[in-house]
Amino acid sequence: MKLSTKGRYGLKAMFELAKRYGEGPIPLKSIADSQDISENYLEQLISVLKKEGIVNSVRGAQGGYFLAYPPKDITVGRILRALEGNLAPTDCVIKDEAFKCDKEDFCVTKTIWIKIRDSINDVIDSVTLQDMVDEHYKMNKNNGYMYYI
């Protein structure tokens, strides 16, 4: 399983907003430059995150984007699901979706897919943007240089 650039870049952008939480609206260009993301592509990602209610925006010369909630209240899972959709490794283990496989009752691999799905969800739902910011500063302090995801 591999995340697309939507998930990877979207998480980087949200990390940047979390690092700068409380500074007010952050211009899209500033986020793009800080995380080395195309501004046009980032605009598409931020639009999805805004529609999902994870970020807010202010228009105008002093405008930009900011987190809708404190970084401690936004999980990596919420961000990735907003951008990527369901993260199940196969269709047969997507929760709340009607998918019927003819071999479902005898499929030995299904239990593996369920374990993978649950493990992924456990990790991404247990890590918040605040955890990422804290890790960033810890790495920066320990290594003596700025670390970017």
### Message
Give the aspartates and glutamates reachable from LYS100 as a straight Cα distance under 18 Å; neighbours fewer than 8 places away on the same chain don't count.
### Response
ASP91
### Message
Defining a contact as two alpha carbons under 8 Å apart and six or more residues distant in sequence, what relative contact order in percent does the chain show?
### Response
26
### Task
Return the aspartates and glutamates within reach of LYS19: Cα separation strictly under 13 angstrom, same-chain partners fewer than 8 residues apart disregarded; answer none if there are no such residues.
ASP131, ASP134, GLU135
### Task
Would you mind checking which residues have amide H under 5 Å from ALA68's amide H? H placed 1.01 Å from N; only 5 or more apart, or other chain.
VAL55, ASN56
### Query
Do any of LYS6/LYS72; LYS51/LYS110; LYS29/LYS141; LYS29/LYS51 go past 25 Å between their Cα atoms, and which?
LYS51/LYS110; LYS29/LYS141
### Message
Suppose the chain between LYS110 and LYS50 were pulled fully straight at 0.36 nm per residue; how much longer would it get relative to their current alpha carbon spacing?
### Response
18.1 nm
#### Entry: Extension gain from ASP33 to LYS103, taking 0.36 nm per residue of separation minus the Cα-Cα distance
20.3 nm
### Query
How much length is gained if the chain between GLU43 and GLU135 is pulled fully straight, taking 0.36 nm per residue apart and subtracting their Cα-Cα distance, in nm to one decimal?
30.5 nm
### Query
Leaving out ligands, DNA and RNA, what percent of the accessible area of the chain is carbon and sulfur, probe 1.4 Å?
51
### Query
How far is it, in nm, from the label point at ILE120 to the one at ARG59 when both lie 7 Å from their Cα along the line to the Cβ?
3.8
#### Entry: Note, ³J(HN,Hα) from phi for segment 34-48, Karplus 6.51, -1.76, 1.60, rounded to Hz, x at Gly and Pro
5, 10, 6, 10, 4, 4, 5, 5, 4, 4, 5, 5, 5, 4, 5
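The values are calculated or read from the model by the stated rules, or taken from the named source; none is laboratory data. Quantities reported herein were computed from a predicted structural model and do not represent experimental measurements. Cβ sites come from the backbone with ideal geometry, for glycine too, and all protein chains shown count toward neighbours. Keep in mind that these areas ignore ligands, DNA and RNA; they rest on the heavy atoms of the full protein, side chains included. Shrake-Rupley method; radii C 1.70, N 1.55, O 1.52, S 1.80 Å.
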